[in-house]
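Nothing in this text is a laboratory measurement; each read-out follows from the coordinates by a stated rule. The structure displayed is predicted, hence computed values, not measured ones. For neighbour counting, all protein chains shown are included, and Cβ atoms are generated from backbone atoms with ideal geometry for every residue, glycine included.
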């Protein structure tokens, strides 16, 4: 199976290289004023055309109430014009590659992605026993009587949507992953790259499923990156910071002798655990896998604020297009599954912090006061995140914010819920601890504690000029969030 999928992968690599050439050319053109004007005019026309059809639909005043989210869900599911208008409104920078792909293909009714067939796959958990089968070169197959992930019935309650969303998060395959299949045949490699089973013997985020070609294959779900395994238990929403996707891919090429470009191999070696470059361009801008806590309260989505979080439909469209793009635009998920996934993500809450010695009330109060004075301006919402800030002002590595793929010129302050467990910090995972985030030492050339490289980690100077006692009090407060 691995050899067959490897041949398919080599063909996919060839197609991907060709696509990157096209994307690079398109990205260069985006700086042309005429192109930008055309994109903006198209977006404005789309939004204007929707005004007449949408105005008569009554919706609750609070779209973030349960009633409001369910009402917006119905519009997302049943109103193509609403979907298109929501997409247009949600794109922070209509000229970047992410936006152009969607403006060219989404919500067009009679062409492009709207014509892709819906796909609700047969999918079962991947187990340690299946890993033994791979090592013994025994074929794996999904029982043909396995029911599909969704029975086609729309939930009628929020609890029902969340339950369906949990299934999508854990069980809907994003794509075939030959790198992972090869890894799972080698338990020592799987452990080394952070792919480990839960106590029940299943691998969270890994599924055996029937692909669109009718053949059983190993694939990945959202949970591979956005669910950790702690003490044998799965923590959905917690970034899997030990997952080293770059090392996993390099191990595949080393074992199979499938060629890989030297420059791509060099980049993958720099990613390290919990980081990957997933953007649609050839820029070098790997990012840290984020937690999913408090997303409902964030007014923008992704580290660069690529998407305006205008309502639940904006997140549903994000999930819908991400899934269909991951599977090489062969099929699309039923929109019910995309909306259910959005509702499930909204429901995620961080686990309680580990118990320890309680800080003094005075120190905690001082830290809270310092947070309000020095941090609250950017980290201002209920999840302690906030709206995008100019990348030049933040001062950290600019590659993602200015990249061709998803760049907006800004960075979105992350939510700080359970921030004590969210290191390494910054969008690219360059700072190991909260103490280092606030330490002036990391701004100097002699700094050697960064997980990526020795030397200064510039930017986010906020708090670095405080006295050591105040920095300690601020960290104490942050650890309570």
Open item on the list: Please compute the modelled spin-label separation between residue 141 and residue 200, points set 7 Å along Cα→Cβ, answer in nm with one decimal.
Closed with: 2.6
Task: Inter-label distance for residue 278 and residue 435, nm, one decimal - labels placed 7 Å from Cα along Cα-to-Cβ - done: 3.2
Open item on the list: Averaging over every viewing direction, what projected area does the convex hull of the Cα atoms of the chain cover, in nm²?
Closed with: 24.0
TODO: Using 0.36 nm per residue of separation minus the Cα-Cα distance, give me the extension gain between residue 361 and residue 255 in nm, one decimal.
DONE: 32.6 nm
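How large is the helix-only mean residue ellipticity at 222 nm for the chain, computed as the sum of -39500 (n - 2.57) over DSSP H runs with n ≥ 4, divided by its residue count, in deg cm²/dmol to the nearest 500?
Calculated at 222 nm, the ellipticity per residue is -13000 deg cm²/dmol.
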TODO: Please work out how much length the chain gains when fully extended from residue 448 to residue 354, using 0.36 nm per residue of separation minus the C-alpha to C-alpha distance, in nm with one decimal.
DONE: 31.0 nm
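Percent relative contact order of the chain, based on C-alpha pairs within less than 8 angstrom and at least six residues apart?
Relative CO of the chain lands at 15 percent.
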Open item on the list: I need to check one value: relative contact order of the stretch 222-325, counting alpha carbon pairs closer than 8 Å and at least 6 residues apart, in percent.
Closed with: 21
- [ ] For the stretch 361-478, state the average projected area of the convex hull of the C-alpha atoms over all orientations, rounded to one decimal in nm².
- [x] 7.4
Open item on the list: What distance in nm separates the two pseudo spin-label positions at residue 151 and residue 112, each 7 Å out from Cα along the beta-carbon direction?
Closed with: 3.6
Open item on the list: Out of all DSSP beta bridges in the chain, what portion is antiparallel? Express it as a percent rounded to 5.
Closed with: 95
Open item on the list: Debye calculation, C-alpha points only, no solvent: report log10 I(q)/I(0) for the stretch 239-317 at q = 0.12 Å⁻¹, in the same order as the q values.
Closed with: -0.47
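Residue 104 to residue 186: extension gain in nm, 0.36 nm per residue of separation minus the Cα-Cα distance? Intermediate values should be presented prior to the final figure.
Numbers: separation 82, 0.36 × 82 = 29.52 nm, distance 4.20 nm.
Using 0.36 nm per residue and subtracting the Cα-Cα distance, I get 25.3 nm.
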